[in-house]
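Trainee: Handing you this structure, nothing more for now.
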Amino acid sequence: LQWLLDNYETAEGVSLPRSSLYNHYLRHCQEHKLDPVNAASFGKLIRSVFMGLRTRRLGTRGNSKYHYYGIRLKPESPLNRLQEDTQYMAMRQQPIHQKQRYRAAQKMDGMAESASNSNPHTTPEQSVAAQSQHHQQFIDVTHVFPEFPAPDLGNVLLQEGFTLNDVKTLQVLYRRHCEATLDVVMNLQFHYIEKLWQSFWSPKAPPSDGPTALPSSEEEPEGTLPKDKLITLCKYEPILKWMRSCDHILYQALVEILIPDVLRPVPSTLTQAIRNFAKSLEGWLMNAMSEFPPQVVQTKVGVVSAFAQTLRRYTSLNHLAQAARAVLQNTSQINQMLSDLNRVDFANVQEQASWVCQCEEGMVQKLEQDFKLTLQQQSSLDQWASWLDNVVTQVLKHHEGSPSFPKAARQFLLKWSFYSSMVIRDLTLRSAASFGSFHLIRLLYDEYMFYLVEHRVAQATGETPIAVMGEFGDLASLSPTLLDKDDISELGTEVDPERALGEPLVKRERSEPGHSLQDI
């Protein structure tokens, strides 16, 4: 993206061959030892940077080529000195050998970090590319991006000067923008997101003194949307609601790409990169949309906040899972945990918790026995995950298909947390030798329960998990499937309405872990 901005600019009345732009890009990648994206992805990126770019087929019949209309090389660009020749076409094959070289280095050294250390002549660009390729195996690069719904305008009348064609243009441009965002994240090039958002929400206006382009029968229906039109369209409630639905789909796809399995071991470098990415998202978007109305910014940032919070939670959950594996694989620690657990006065725990939680005694006893049995069998983390999933199924099966399902799920989380804290309290008072192990396991299981319940509620309501979490950030737009009347009345009396809009009820975790979980 930076390379495009440095070398090209919008200009009416001029055109460039599509193949020339891609060949310039391939040459740039070859010179800097970078792994290029394919021609289709490159085309999406160009259109996301230079809004309203059109495509024309120019040349004599039988020898015509596709050209980008409305873009030119900057006068000061070094690319002006290059001449088109057959060498550029040969570069199309170059990245294939380059990819094989990186893969060979990865297999030989095992880690991207060691690859750069083993070769003193490796450039920083090569190290980054090698590390990125190493990280690709931990993300889901085969993810299929779902289609977006169409905006439901209902009976809303568009203001004078706007047509349905403008709405359709916005649909095309926004879909293309989201596809470019997905491509960048899939390539783990997080720092380009800021430029991508800037180019969409705060595009530089093309010069207006150039000649007007004549329509062509062979021109693709690209369309363009001036910034003032974009701002006005975003003010319409149906458009804003549609855009939020699209954002839920996009960010859920990004979560599933970056963290396809929350329990699978992931390199700490990738985890930290994702956390840094999450930390920057809100600031990037607010800067890009600084000229938009507060209501529009608030809606967009609300969804981005839910996305960032989900990334932080899932990476923390993954961090806990890796620390817990060491405990669950240690036979002596498991035996000590069993010994300490058998000393816990569960009858007293049930007596104290029953008044608050009002849980069925038989169910609590069964969970206690199953927990001890699973611990005794020295189950793996994956087996524990299956057990926790089965617990959620048993507890919530009576509420399936009922409007009360989301509330029952949230109540279960509260009760689970209360019971586990009572057990931890008993272990603390007895100065249990395995307290540290239990504390770590409790943190992991509470967080994983939250993850399971979040997905069950999303499945029950037909929403994405991002939407389930994001809905609570804007009380004015709470879905009736997520809250019942009791919840709405309770929230109405307990939440300050001025603070409610755009601010997630779940406080976002801002601090990094200050200590190693292994020390616990």
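Trainee: Quick one: grab the alpha carbon gyration tensor of region 330-477, order the square roots of its eigenvalues as a ≥ b ≥ c, and give me rounded if a/c is under 1.5, else prolate or oblate depending on whether a/b is larger than b/c.
Mentor: prolate
Trainee: Check each of the GluC sites (Glu not before Pro) in region 341-400 and keep only those in coil by DSSP with at most 12 other C-beta atoms within 10 angstrom; list them in order.
Mentor: Listed in order of number, the matching sites are Glu360, Glu400.
Trainee: Between Asp228 and His439, what is the label-point separation in nm under the 7 Å Cα-to-beta-carbon projection?
Mentor: With each label point 7 Å from Cα toward Cβ, the separation is 6.2 nm.
Trainee: Turning to a different aspect of this structure: Please work out the FRET efficiency for the pair Arg343 and Thr269, using the Cβ-Cβ distance as r and a Förster radius of 30 Å; give the result to the nearest 0.05. Can you show the working numbers first?
Mentor: Numbers: r = 42 Å, r/R0 = 1.41.
For R0 = 30 Å, the calculated efficiency reads 0.10.
Trainee: Return the distance in nm (one decimal) between the two label points of a simple spin-label model at Leu5 and His143, each offset 7 Å from Cα along Cα→Cβ.
Mentor: Taking the two extended label points, one gets 2.4 nm.
Trainee: Can you give me the distance in nm between label points at Lys65 and Gln378, each placed 7 Å from the Cα along the Cα-to-Cβ direction?
Mentor: Those two pseudo-labels are separated by 6.8 nm.
Trainee: At 1.4 Å probe size, what's the solvent-accessible area of Val423? Round to the nearest 10 Å².
Mentor: 30 Å²
Trainee: Something else now. Distance cut-off 19 Å, Cα to Cα: go down the list Lys195/Lys227; Lys33/Lys65; Lys74/Lys229; Lys227/Lys300; Lys235/Lys279 and report the pairs above it.
Mentor: Lys33/Lys65; Lys74/Lys229; Lys235/Lys279
Trainee: Just subtract the alpha-carbon distance of Glu291 and Phe162 from 0.36 nm times their residue separation and send over the number in nm, one decimal.
Mentor: 44.4 nm
Trainee: Which residues does a label at Gln365 reach in region 380-411, if reach means a backbone N under 19 Å from a point 7 Å past the Cα toward the Cβ?
Mentor: What the label zone holds, given the 19 Å backbone N cut-off, is 395.
Trainee: Also, I was wondering about something else. Expressed in nm to one decimal, what extension gain is obtained for the pair Lys279 and Arg425 from 0.36 nm per residue of sequence separation less their Cα-Cα distance? Show your work: numbers first, answer last.
Mentor: Values: separation 146, 0.36 × 146 = 52.56 nm, distance 3.41 nm.
Additional length available on full extension: 49.1 nm.
Trainee: Rounded to the nearest 0.05, what FRET efficiency do Gln352 and Glu256 give with R0 = 41 Å and r taken as the Cβ-Cβ distance? Could you check?
Mentor: 0.50
Trainee: Calculate the length of the line joining the C-alpha centroid of region 287-309 to that of region 247-274, in whole Å.
Mentor: 21 Å
The values are calculated or read from the model by the stated rules, or taken from the named source; none is laboratory data. Because the structure is predicted, anything quoted here is derived from the model rather than measured. Reconstructed Cβ throughout: ideal geometry from the backbone, glycine too, with neighbour counts over all protein chains shown. SASA here: full protein model, heavy atoms, side chains in, ligands and nucleic acids out. Shrake-Rupley method; radii C 1.70, N 1.55, O 1.52, S 1.80 Å.
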